[in-house]
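The values are calculated or read from the model by the stated rules, or taken from the named source; none is laboratory data. This one's a predicted model, so the numbers in the text were calculated from it and none came from an experiment. Every residue, glycine among them, receives a Cβ derived from its backbone with ideal geometry; neighbour counts consider all protein chains shown. We work out accessible area using only protein heavy atoms, side chains counted, and drop any ligands, DNA or RNA first. Shrake-Rupley method; radii C 1.70, N 1.55, O 1.52, S 1.80 Å.
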Amino acid sequence: MKIILIGPPGAGKGTQAKRMIDRLGVPQISTGDMFRAAVKEGTPMGLKAKEYMDKGVLVPDDVVIGVVEERFGKPDCAGGFVLDGFPRTQEQARALDGILDKMGTTLDHVVVIEVPDDYLVNRLTGRRTCRGCNYMHHIEYDPPKKEGVCDKCGGELYQRDDDKEETIRQRLKTYHAQTSPLITYYSGKGIVRTIDGTGSMEQVQKAIRDAIGA
Ligand code: AP5
Ligand code: MG
Ligand code: ZN
């Protein structure tokens, strides 16, 4: 299964990707998680990416494409993947086409998770992410059993630097201007499955399973 998840910040891409990968037996490839790991390690690439992430704008295409090409070189991608947060521009989509061509394969589904902007600020200001395993809790919709502690691994929960209202508004603008046009790009290939992302996490999960037949 080779799947892309597209949706605005807070739509539930990461939440649903984590639910899909166990079932499908493929890795989740999240460029956002990869950049946050590089920031944590303090690598030059991480420090550069952080400047853009903190402003709510996109990391330059050449940086993103380099990171993704390296990731696709690892053997676990051969049997499929769930791409979460990549591609986000036309340039990235064309680069992905090139990578898949070289692998001799094509995408199965582009799942678009639709959620109106009004829902998203609340989802993101309430999000608490695990430092250990990247699991996302929500203080209202998926609260941890113990405050500040991840249910999955016992790691410390933190609030992402870019989950501030002002930065969230900019991330939404960036999504509408640069990423949502990709839906038209993939519609031409007949592989877009549009999902209503406003229901519960379980309802959204079921809608995705029905749409991809797996
Ligand atoms: P990235 O980490 O990808 O952030 P994002 O796209 O803004 O998306 P989020 O991770 O914020 O949202 P999500 O859809 O995963 O929602 P989640 O499942 O957590 O990117 C961060 C930055 O990195 C970018 O701004 C950019 O600078 C850079 N970057 C990354 N990739 C790039 C690329 N390809 N090119 C250029 N730059 C790039 O859910 C959110 C919350 O809601 C959680 O708390 C969750 O518990 C809750 N929730 C989820 N589903 C539901 C539901 N159905 N009902 C109620 N609550 C729910
Ligand atoms: Mg995410
Ligand atoms: Zn955890």
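If you go through the range 202-214, how many residues are surrounded by 15 or more Cβ atoms within 10 Å (Cβ to Cβ) and more than 14 Å from Met1 (Cα to Cα)? The qualifying residues number 3.
Take Gly154 and tell me if it is assigned to a loop (DSSP other than H, G, I, E, B) and within 21 Å of Arg23 (Cβ to Cβ). Criteria not met by Gly154.
Here is a yes/no grid of residues against (1) out of contact with any Asp or Glu (no Cβ under 9 Å at 6 or more places or on another chain); (2) more than 16 Å from ligand 2 (Cβ to nearest atom); (3) closer than 29 Å to Arg209 by Cβ:
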| position | (1), (2), (3) |
| --- | --- |
| Ala38 | yes, no, no |
| Gly42 | yes, yes, no |
| Lys74 | yes, yes, yes |
| Gly79 | yes, yes, yes |
| Phe86 | yes, no, yes |
| Lys102 | yes, yes, no |
| Cys130 | no, no, yes |
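Only one entry of Arg123, Arg94, Arg169 meets the criterion of being touching a residue at least 60 places away in the same chain (Cβ under 8 Å), over 16 Å from Gly14 (Cα atoms) and either in contact with a Lys or Arg (Cβ under 9 Å, 6 or more places away or on another chain) or outside any loop (DSSP other than H, G, I, E, B) (or both), and that entry is Arg169.
Determine if the range 170-178 includes at least one residue that is open to solvent by 30 Å² or more (accessible area, probe 1.4 Å), away from ligand 3 (no atom under 16 Å from the Cβ) and in contact with a Leu (Cβ under 8 Å, 6 or more places away or on another chain). Scanning the range 170-178 turns up at least one residue that is open to solvent by 30 Å² or more (accessible area, probe 1.4 Å), away from ligand 3 (no atom under 16 Å from the Cβ) and in contact with a Leu (Cβ under 8 Å, 6 or more places away or on another chain).
Report yes if some residue within the range 137-160 is within 16 Å of ligand 3 (Cβ to nearest atom), more than 29 Å from Asp61 (Cβ to Cβ) and under 18 Å from the mean Cα position of the chain (by Cα); otherwise report no. Yes - at least one qualifying residue is present in the range 137-160.
Just a yes or no: is a residue in the range 45-55 touching an Asp or Glu at 6+ places or on another chain (Cβ under 9 Å) and buried (at least 18 other Cβ atoms within 10 Å of the Cβ)? Yes. Only a single item in (1) on the phi < 0 side of the Ramachandran plot; (2) more than 16 Å from ligand 2 (Cβ to nearest atom) is not met by Gly148, and it is number (1).
Has the range 105-120 got at least one residue that is in contact with a Gly (Cβ under 6 Å, 6 or more places away or on another chain) and open to solvent by 10 Å² or more (accessible area, probe 1.4 Å)? Checked the range 105-120: at least one residue is in contact with a Gly (Cβ under 6 Å, 6 or more places away or on another chain) and open to solvent by 10 Å² or more (accessible area, probe 1.4 Å).
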